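The values are calculated or read from the model by the stated rules, or taken from the named source; none is laboratory data. Quick caveat, the model's predicted, so the values are computed rather than measured. As a convention, Cβ positions derive from the backbone with ideal geometry for all residues, glycine included, and neighbour counts pool all protein chains shown. What goes into the accessible areas is simple: the full protein's heavy atoms, side chains included, and nothing from ligands, DNA or RNA. Shrake-Rupley method; radii C 1.70, N 1.55, O 1.52, S 1.80 Å.
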Amino acid sequence: MTVASGYWSSEISWEVGSSSAGLVATSGAPVSCDFSVGGTFCANTCQPVSSDDDDIDDDGWYYYFYESQGDDTCSADDQALFTVAMSDSYGDGWNGAEYTISEVAGAEVKDGTLTSGNYGEDHVCLHDDVCYSVLINPGSYDNEVTWEIGKYGVGLVAAGAGENSPMGCQFSTNGFCTTTCTVDDDDDSSGACSGMPGSGSSYSLMLYDSAGDGWNGAGYTVKNKNSGSIKSTGTLGAGMSSQEDMCLPVGCYTLEVSSGGHADEVSWFLGDAGISGGAPANCQFAVGNPVNCPSYCEVEEDDNSGGGGGGGGGGGGG
C-alpha cells in the first residue's frame, strides 16, 4: 500500500478492512507499507498514525487490533497472540460472567472475566487450522456483556453478546471451521459502517432501467433473514440508473425485487455480494460468515410485464 503526500499530509488517515476480516491495515501519509489478509504471510508494516491516545477514539471504539497490549508471548512458532476484548455497557464489569475458550476437541485454552469497568483485554495464543469454542458462563447482568476476539493484521475472528448456549459457539482463526460466534446486530447505530471491528460493511445496490424511465412500480427490499428486519427498501423512481447504499452487519440477508409495469426493462447488480438479476427476483446472500447461508438468486416469470424477467442471478460468495 503506497500513499503519497499532499499539501496537508498530517490530516490524512486511512483503513483497510471488512466485517468478516476486520481491520487489516491503517496508517497515514506519506507511507509505503505491507499487509496481508487472513494470515501472517508478511510482516504488517502499516501501523496507526500516532496520537495522544491510540487505544480509543472519540466515539469510544477501541483500536485493540492495532497491536498486542499484553506481556504474553506464544511459546509455539505456529501460534499467534490474539486479543480477547471484553465490554460491559453499564461499566461495572461482568458481575460474575466468565468466558472459557477451548479447542472443540476438548482442551481448555483460556478463561477470564471483566472484573470491573466498561472495557478490558486478555490475550490468548491460538493456532490456525483448529476449531475453538467460546462458552460464556452466566452472571448477574448478562445483557450488559459483549466480547470480541481478534488480532491486528488478521481482524475480527469471533464475537458475542450475553450468555450463549450451553455448548457455546465455535470459530477458527483462518476459516478452518464455520464461525457461529457472531453478533446479529440490527441496530446500526452501534458502530454503523465506521470501519471499527464489529461494525457493519458497506454494500452498494445498483439499479438499472433499459428504457430510462425508472422502474415503473417495481421495487426492492433487503431483509435480515433471521430477524425479518428491513435493512433497505426502494425503487428507481426515474432515469436509467441509481445507487442505493446500505450498511449491513454480519448475517444472512434476502433481496426481493418485485415486478412493475415493465419488468423486462429492470436489472440490478449487488457486486459486493456477487449477485445480479432482473424482476421479479428472490435472492439470498451472506455478509461475513454466518451459518447455513448459501448465496443464490431465483428470477421468476412475470406474466404481467409484457416481457420476460431480467438477467439471471449469479451465485457469488458472500
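Summary of values
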quantity: Proximal charge balance of residue 116 [Cβ under 9 Å; K/R count +1, D/E count -1]; calculated: -2
quantity: Simple spin-label estimate for residue 213 and residue 140 in nanometres, 7 Å along Cα-Cβ; calculated: 6.8 nm
quantity: Interchain or long-range residues, amide H under 5 Å from residue 12's placed H; calculated: 29
quantity: Proximal charge balance of residue 236 [Cβ under 13 Å; K/R count +1, D/E count -1]; calculated: -4
quantity: Heavy-atom accessible area order for 123, 262, largest first, 1.4 Å probe; calculated: 262, 123
quantity: J(HN,Hα) series, region 91-107, from Karplus relation 6.51 cos²θ - 1.76 cosθ + 1.60, nearest Hz, glycine and proline x; calculated: x, 10, x, 8, 6, x, 5, 9, 10, 9, 9, 9, 6, 4, 5, x, 6
quantity: Residue 111-residue 241 FRET efficiency (beta carbon distance; Förster radius 51 Å; 0.05 resolution); calculated: 0.45
quantity: Reachable lysines from residue 231, criterion Cα separation under 25 angstrom, eight or more residues apart if same chain; calculated: 223
quantity: Inter-site label distance for residue 121 and residue 34 at 7 Å from Cα along Cβ, in nm; calculated: 2.4 nm
